[in-house]
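Working notes, beginning with the structure itself.
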Amino acid sequence: MTTRRDNPNGALWRLAVEGFNRIVVDDVCKSALDGGLDSSISKPARTRVWKEVADVYEIFFVGYCGRALSSDSLSTAVVKADESLEMTTLDILGDKILKSPIDAPQDILQRLVTTLDRCASRTCSLPVETVELMPLHCSRFSLSCLQKLFFLSSSEKKADTWSSERSEVSKISILLLMIRCEDILKRFPIDENNLGDRPLPAARLDEIMYVLNELAGLVIHTDTASVLPLHPYLKSGLVEKNNRDRRPHLLVLFPSLCELVISRDTRVREAVQVLLRLITKELALEASITNQHIQ
């Protein structure tokens, strides 16, 4: 898999990725869903296997996916096929492994989710001048990894699909997601000020609009909400009230959202207004104002 950088047109790395995906899906995920791995395999041995899996994802995703690799000799069809292979590998990690009741240790789960976050940070971590030069497939991969963090932080529609393993992954994911979103929200007004009248790169606009829209739609489980860095009285209020369709994560990002109300971009301002209304609802301020008016 690591031969991709030196020989992106070679077949070896593609075969290795496809083989790795088959092993993960057929052996790891299937065994976990069927009630666990082979009981003859000791816990230390299973931990070593998970460490190797985490190593592969970290090295391949961080070092070789969504990167501007030397590919002058590659046809458009091959480039698209390679991007599709990257996305398939990403989907297996985000949609299958981390959503399944696997027996990976907590530190391995942390590494796997952190790998997604490291790739999701690429667009927002670059200076705005550099983002303009970023190849389209690089920003797409970064945004797809960010999408996985939202997906892993969200609650399940069916209660019977929630498990202790799923809860642990969501707790890890929401904390990383809040840090990532805060970085994106804080950088946007800085970039606007630095650019003056010049337009922002499309990748930067796409990223912040995606974040704002996803934050509005994100609903998290009470287990997930319990790890949010909120004041104790806010946390106690979350426990006392019906937590369905709640968005306590918006309270964490409230200061950063306030900085965007004067953005020059109309779409950004409108999306922020939606989030501020949801925060009002989250704090039960709508009900308080209505009741006071009636009285």
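Note on the chain: GNM, Cα springs under 10 Å; of L93, L283, L212, the largest mean-square fluctuation is that of L283. Between L278 and D107, what's the calculated FRET efficiency when r is the beta-carbon distance and R0 is 30 Å? Round to 0.05. The formula returns an efficiency of 0.30 here. Sequence-ordered 3J(HN,Hα) estimates for the range 8-19 from the Karplus curve with 6.51, -1.76 and 1.60 and θ = phi - 60° stand at x, 8, x, 8, 4, 5, 5, 5, 5, 5, 4, x Hz, glycine and proline given as x. With contacts taken as Cα pairs under 8 Å and at least 6 residues apart, the chain reaches a relative contact order of 16 percent. The stretch between T114 and L133, if pulled fully straight at 0.36 nm per residue, gains 4.3 nm over its current Cα-Cα span. The Stokes-Einstein estimate for the chain, based on a Kirkwood radius over Cα pairs and taken at 25 °C with 0.890 mPa s viscosity, is a diffusion coefficient of 117 µm²/s. Based on DSSP H segments of at least four residues, each scored -39500 (n - 2.57), the chain has a per-residue ellipticity at 222 nm of -19500 deg cm²/dmol.
3J(HN,Hα) along the range 215-231: 4, 5, x, 6, 10, 10, 6, 4, 4, 5, 5, 5, 9, 5, x, 10, 4 Hz, from the Karplus curve 6.51 cos²θ - 1.76 cosθ + 1.60 with θ = phi - 60°, whole Hz, x for Gly and Pro. Evaluated with a Cβ-only charge set (Lys, Arg +1; Asp, Glu -1), the chain carries a dipole of roughly 360 debye about its Cα centre, given to the nearest 20.
Grab the other residues whose beta carbon is less than 12 angstrom from that of L212, score K and R as +1, D and E as -1, and report the net. Net local charge, L212 excluded: -3. In summary, the range 37-181 shows an alpha-carbon radius of gyration equal to 1.14 times the 2.2 N^0.38 Å reference for compact globular proteins.
Note on L234/V62: beta-carbon distance plugged into 1/(1 + (r/R0)^6) with R0 of 51 Å gives a FRET efficiency of 0.90. How high is the FRET efficiency from V25 to V78, r the C-beta distance, R0 25 Å, rounded to 0.05? The value I calculate is 0.55. Once you charge only the Cβ atoms, +1 for Lys and Arg and -1 for Asp and Glu, what is the size of the charge dipole of the range 171-214 about its Cα centre, to the nearest 20 debye? For the range 171-214, the charge dipole is close to 160 debye. Label-to-label distance, D55 versus T3, with points set 7 angstrom from Cα along the beta-carbon direction: 1.9 nm. Computed extension length for I190-M87: 33.9 nm, one decimal, from 0.36 nm per residue of separation with the Cα-Cα distance subtracted.
No lab work stands behind these numbers, since they all come straight from the coordinates. Note that the structure is predicted; figures quoted are calculated from it, not measured. So basically every Cβ, Gly included, is an ideal-geometry build from the backbone, and we count neighbours across all protein chains shown.
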